[in-house]
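Colleague: Take a look at this one; I'll ask things after.
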Amino acid sequence: MFTHVMIGAKDLAESQRFYDATLGAIGASAGHNIGDRAFYSHNGGTLGIITPINGDEATPANGGTIGFAAPDKAAVDAWYAAGLANGGTSEGEPGKRPAAPGNAYGAYLRDPTGNKICSFCQLPAGE
Amino acid sequence: MFSHQMLGSNDLTRSKTFYDALFTAIGGSPGIVDERGRIVYAHKGGRFLVTRPINGEPATFANGSTTGFALDDPVQVDRWHAAGLANGGVTCEDPPGIRNATEGRQLYLAYLRDPDGNKLCALHRITSED
C-alpha cells in the first residue's frame, strides 16, 4: 500500500542518528543522506526524514503514528532500547498488544522531533 | 518496512467519506470501523488507519510529514487525486504529473491534504510499460 513515508525533522543529524539506531535494530541499513533529507529503504518500503520544505520548524501530528514492522520480539525490544539511547522518549513500553490484530507485540516511542512511532511484530502462537 | 500508518481526524464521518473515495478510486474497499471507532483500510498487504487522537485533544497534522501511497499507473494517480478533491481534500504541491527524480528515474506524482490537513502523496514509478 505504501511507497514511502516522510517524517519531519527539527534537526536532521539528530533524527538520522535516531533512525539509524532504531531502524538498524529491525534490520535496515543506515540512512542515505542527500542534503536536507535522508532515506531508509527496507523490505520494499522507504522512510524519509526531512527538514520541512516550507522552511518552518518540523512539528509532530496529534493522532498520527507510523508503524514499523519488526521481525520478532527481540527486534522490538532492541528498537525501543535504541530509541531511548538516541534521543527518543517512551510512549509505551514493549509488551503484548491484545487490541492489535493477531498475537501482537509492540512498543511506542517519540522521535527527537516528537513524532509518534511504533514497532510491531507477531509473536508465535501461545507466547 | 511498515506495519501500518495511522493519521488523526477531527471528524471521522468526514474522513471516512474522503478515504473511502480514495481507496475505491484505486481498486480498494471502503474502510471498516473497528470497535474503537477507528477506520481501518487493508489494501495490498498494508494497513492504514484513521483515528480520533487518544489523548482527547484535536487532531493536528505534522509539518514535514507525508504518507505516500503506491499506485499502479498514472490513470490511477489522476483518479485518486480527483476523488480526493471531490470529497473534502485540497490539492497541494504541483498538479498531478511527471517529476524527474534522481538517477534518470521518473515518477508520476500527485499530492493532497486530507480534510484534517494531513499531507498525502500518490506515487507511480514510470517504467517502459507506461
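Colleague: Where the second residue is acidic (Asp, Glu) and the first is closer than 25 Å to A:Thr59 by Cβ and lies in segment A:113-127, which pairs have Cβ atoms under 9 Å and are six or more apart or on separate chains?
Modeller: So the pair list comes out as A:Thr113/A:Asp11; A:Thr113/A:Glu14; A:Thr113/A:Glu57; A:Lys116/A:Glu91; A:Ile117/A:Glu91; A:Ile117/A:Asp111; A:Cys118/A:Glu91.
Colleague: Is it true that some residue in segment B:51-71 is among the acidic types (Asp, Glu) and more than 18 Å from B:Asn118 (Cβ to Cβ)?
Modeller: no
Colleague: Any residue in segment B:96-121 that's on the phi > 0 side of the Ramachandran plot: show its pairings with residues that are surrounded by fewer than 22 Cβ atoms within 10 Å (Cβ to Cβ) at Cβ separation under 6 Å, as long as the two are six or more apart or on different chains.
Modeller: B:Gly117/B:Phe61
Colleague: Between A:Asn62, A:Asn86, which is touching an Asp or Glu at 6+ places or on another chain (Cβ under 9 Å), among the polar types (S, T, N, Q) and farther than 25 Å from B:Lys119 by Cβ?
Modeller: Details: A:Asn62 fails: farther than 25 Å from B:Lys119 by Cβ.
It is A:Asn86.
Colleague: Taking the conditions exactly as written (touching a residue at least 24 places away in the same chain (Cβ under 8 Å), part of a loop (DSSP other than H, G, I, E, B) and surrounded by fewer than 17 Cβ atoms within 10 Å (Cβ to Cβ)), does B:Gly37 satisfy them or not? Even if it seems obvious, please write down each step before you answer.
Modeller: On the way: touching a residue at least 24 places away in the same chain (Cβ under 8 Å): yes; part of a loop (DSSP other than H, G, I, E, B): yes; surrounded by fewer than 17 Cβ atoms within 10 Å (Cβ to Cβ): yes.
The answer is yes for B:Gly37.
Colleague: Follow-up question, since we're still on this one. For A:Phe39, state whether it is closer than 24 Å to B:Leu123 by Cα, in contact with a strand residue (DSSP E or B) (Cβ under 6 Å, 6 or more places away or on another chain) and more than 7 Å from chain B (Cβ to nearest Cβ). Can you show your working first?
Modeller: Values: closer than 24 Å to B:Leu123 by Cα: yes; in contact with a strand residue (DSSP E or B) (Cβ under 6 Å, 6 or more places away or on another chain): yes; more than 7 Å from chain B (Cβ to nearest Cβ): yes.
Answer is yes for this residue.
Colleague: Looking only at segment A:109-127, filter to residues that are part of a strand (DSSP E or B) and within 11 Å of chain B (Cβ to nearest Cβ); which one of those is surrounded by the fewest Cβ atoms within 10 Å (Cβ to Cβ)?
Modeller: Top of the filtered list is A:Gln122.
Colleague: Can I ask one more? Look through B:Asn87, B:Asn10, B:Asn63, B:Asn55 and report the one residue that is at pLDDT 95 or above and in contact with a Gly (Cβ under 7 Å, 6 or more places away or on another chain). Even if it seems obvious, please write down each step before you answer.
Modeller: Details: B:Asn87 fails: in contact with a Gly (Cβ under 7 Å, 6 or more places away or on another chain); B:Asn10 fails: in contact with a Gly (Cβ under 7 Å, 6 or more places away or on another chain); B:Asn55 fails: in contact with a Gly (Cβ under 7 Å, 6 or more places away or on another chain).
Being at pLDDT 95 or above and in contact with a Gly (Cβ under 7 Å, 6 or more places away or on another chain) holds for just one of B:Asn87, B:Asn10, B:Asn63, B:Asn55, which is B:Asn63.
Colleague: Additional query: Which of the residues that make up segment B:34-57 are farther than 19 Å from A:Gly67 by Cβ and facing chain A (nearest Cβ under 7 Å)?
Modeller: Listed by number, the list holds a single entry, B:Glu57.
Colleague: Which count do you get for residues in segment B:51-79 that are closer than 25 Å to B:Tyr108 by Cβ and surrounded by 17 or more Cβ atoms within 10 Å (Cβ to Cβ)? Spell out the reasoning first.
Modeller: Our first condition is that a residue be closer than 25 Å to B:Tyr108 by Cβ; within segment B:51-79, this holds for B:61-62, B:64-79.
Narrowing further to those that are surrounded by 17 or more Cβ atoms within 10 Å (Cβ to Cβ): B:61-62, B:64-71, B:74, B:76-79.
Total meeting the criteria: 15.
Colleague: How many of the residues in segment B:17-34 are part of a helix (DSSP H, G or I) and closer than 14 Å to A:Met1 by Cα? Working first, answer last.
Modeller: Start the filter on segment B:17-34 by keeping residues that are part of a helix (DSSP H, G or I), which leaves B:17-25.
Now restrict to residues that are closer than 14 Å to A:Met1 by Cα: B:19, B:22-25.
Looking only at that region, the number is 5.
Colleague: So which residues in segment A:42-87 are part of a strand (DSSP E or B), over 14 Å from the mean Cα position of the chain (by Cα) and free of Cβ contacts under 8 Å to residues at least 40 places away in the same chain?
Modeller: A:Asn62 - this is the single residue of segment A:42-87 that is part of a strand (DSSP E or B), over 14 Å from the mean Cα position of the chain (by Cα) and free of Cβ contacts under 8 Å to residues at least 40 places away in the same chain.
Colleague: Considering only segment A:14-42, how many residues are surrounded by fewer than 19 Cβ atoms within 10 Å (Cβ to Cβ), among the small types (Gly, Ala, Ser) and closer than 20 Å to A:Tyr108 by Cβ?
Modeller: Of the residues in segment A:14-42, 2 are surrounded by fewer than 19 Cβ atoms within 10 Å (Cβ to Cβ), among the small types (Gly, Ala, Ser) and closer than 20 Å to A:Tyr108 by Cβ.
Colleague: Just to verify a result, which residue in segment B:84-113, among those that are closer than 17 Å to A:Thr3 by Cα and of a type in the set (Val, Ile, Thr), is surrounded by the fewest Cβ atoms within 10 Å (Cβ to Cβ)?
Modeller: The extreme case among them is B:Thr102.
Colleague: Filtering segment B:1-33 down to residues that are among the hydroxyl-bearing types (Ser, Thr, Tyr) and over 30 Å from A:Tyr19 (Cβ atoms), which residue is farthest from the other protein chains (Cβ to nearest Cβ)? Reasoning before the result, please.
Modeller: From segment B:1-33, those among the hydroxyl-bearing types (Ser, Thr, Tyr) are B:3, B:9, B:13, B:15, B:17, B:19, B:24, B:29; that's our starting set.
Adding the requirement that they be over 30 Å from A:Tyr19 (Cβ atoms) leaves B:13, B:17, B:24, B:29.
On the way: B:Thr13: 16, B:Thr17: 18, B:Thr24: 14, B:Ser29: 12 Å.
Out of the qualifying residues, it is B:Thr17.
The values are calculated or read from the model by the stated rules, or taken from the named source; none is laboratory data. Just so it is clear, the structure is predicted and the values come from calculations on it, not from any experiment. Neighbour counts run over all protein chains shown; Cβ positions are idealised from the backbone, glycine included.
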